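Inspection log for the structure reproduced underneath, given as structure tokens.
Every number in this text was worked out from the coordinates using simple rules, so none of it is lab data. The model shown is predicted, which means the values in this text are computed figures rather than measured ones. Cβ sites come from the backbone with ideal geometry, for glycine too, and all protein chains shown count toward neighbours.
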């Protein structure tokens, strides 16, 4: 009979807490099925009374001649014009008026932690909801190889020190946003006998990643997915 050790119980509790935080922040899409969470749209506003959404059409507020146009104020605060990042973020805002760069970054940080921990735990279900097909296949292949060697990853996510947008563009109707993420992680890989063969279970390591997320702005699906990963030296 197998028993959970303290570390396993801790991560299960943490996963449940994160899940409910995401549900509280993001709400649910309309429809009969419950979709995977969307951590990237945390900053989007929602109708306070969904029952009225089908019957009321909100008209754009008329702006007076002397009122400043703040359409891109949130974007300019993140990436000042006339940088390429600013141009890319503006293009995304044009295609998706609900896009909020700061809210996106916060959601992406939560998704980053969940992806890192799901990979360590071999949680294919969580990964499938957050990754593009190509990236998912690569992650699953690595997990299967690891399982085939009876190896296990022991990980503890310490936190994210920095997350910043370093690229943004529209590719057709698809929005792409690239983040540079600096995180701290305790991670060690153990073989079948429990011997550490990679990493250090007692040391906090700094990890630098460059991840790109994408979303089809023509789709009603609000979810962003990880479409490319790169480890920064």
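Structural remarks
- Cα shape, the range 104-189, gyration tensor, a/c 1.5 rule: oblate
- FRET E, pair residue 202, residue 133, Förster distance 35 Å, beta-carbon r, rounded to 0.05: 0.40
- Each label was represented as a point 7 Å from its Cα along the Cα-to-Cβ direction; for residue 186 and residue 161 these points are 1.7 nm apart.
- Take every pair of alpha-carbon atoms less than 8 Å apart whose residues are at least six positions apart; their mean separation over the length of the range 133-233 yields a relative contact order of 24 percent.
- With a cut-off of 15 Å on the backbone N, the residues of the range 196-217 near the modelled label site 7 Å out from residue 232 along Cα-Cβ are 206-213.
- Estimated FRET transfer efficiency when R0 is 22 angstrom, pair residue 76-residue 209 (beta carbons, to 0.05): 0.25
- With R₀ set to 41 Å, the beta-carbon distance separating residue 145 from residue 94 gives a calculated FRET efficiency near 0.45.
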